[in-house]
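Down below is the structure, laid out as structure tokens.
What follows draws every value from the coordinates through simple rules; no lab data is involved. As the structure is a prediction and not an experimental result, all values here were calculated from the model. Cβ sites come from the backbone with ideal geometry, for glycine too, and all protein chains shown count toward neighbours.
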Amino acid sequence: MRLWLARKSDIPLREQLVAQLVLAILSGDLRPGQRLPSTRDLARRFKLHPNTVSAAYTELERQGWGESRRGSGVYVRARKRGKALPAAVELDWLIADFFRTAREKGVPLRQIRARLRHWLALQPPDHFLVIEPDEELRRILVAEIAAAVRFPCSGAGFEACKQPESLAGALSVVLLRKFEQARELLPPEADCLSLQVRSVPGSLARWMPIPPDALIVVASRWEDFLKWARTLLLAAGADPDALEFRDARRPRWQDGLREATVVIADVLTAQNVPRGCRTISFPVIADASLDALREAADSLR
């Protein structure tokens, strides 16, 4: 077994050792059931501290690639039929089998890479990626989509637009007001859907007019939600003295909410409003955009 360890690298030697051992397993240089060199032998051969090798072997076991046998040493883990493995490890074993078969047939690595790129490019997206720089708004958008559409959804900031690994398998979605900015950052071939914001006056029309004696509490982790609610409620004639705004990022924000006539919150914060409170959960995404996401998800399944 050969190893190449860069001692001046920013990557710790332990991580380099684990990565190369896994690659050796994937490539077939280390076979299932094969005994690994002892900690002392490997440390002496590559001039490593024994603790570094021991930590690497422990990590190898934690990831499911190795198994220790009392009094015998550490071995490459053998797959046993009927015994479930972690999903990531099972996938790595499948990939290892593929590379091993291709290697045995003499297929050049450059050809394998080319065909993999070809087939990966043909695969439809398997999740929505909400691109939004504001972390709190991003969490709200992801929660709304996850609740409305039966399709995996995650979120990221604008930095993801330039990271191929973040965009892999993703159909990007972004609020309409930030669509052009995101579109400029995304690769030309990347698909991106825009999201319309819900009409606030239209959504709250059924709650108007506001009773003059109503005590209204607005709660959210997103600062702009609190600002928008203040502007709208004052314009609708609410008594400024009867309005209270709670930043749900702060401790004890739930105190006294049962005394309010109504609590207005974003969909994420509404989940943490105490039971017994009359709560209006106000979504950000327009119904038309959610319908478009459902149609997109149906076409991708």
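Let's see how each residue does on (1) without any contact (Cβ under 8 Å) to a residue 60 or more places away in the chain; (2) of a type in the set (K, R); (3) surrounded by 17 or more Cβ atoms within 10 Å (Cβ to Cβ):
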{"site": "I145", "(1), (2), (3)": "no, no, yes"}
{"site": "V149", "(1), (2), (3)": "no, no, yes"}
{"site": "R183", "(1), (2), (3)": "yes, yes, no"}
{"site": "P187", "(1), (2), (3)": "yes, no, no"}
{"site": "V197", "(1), (2), (3)": "no, no, no"}
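Please give the number of the condition R294 fails out of (1) of a type in the set (K, R); (2) more than 24 Å from H127 (Cα to Cα); (3) not in a strand (DSSP E or B).
Unmet condition: (2).
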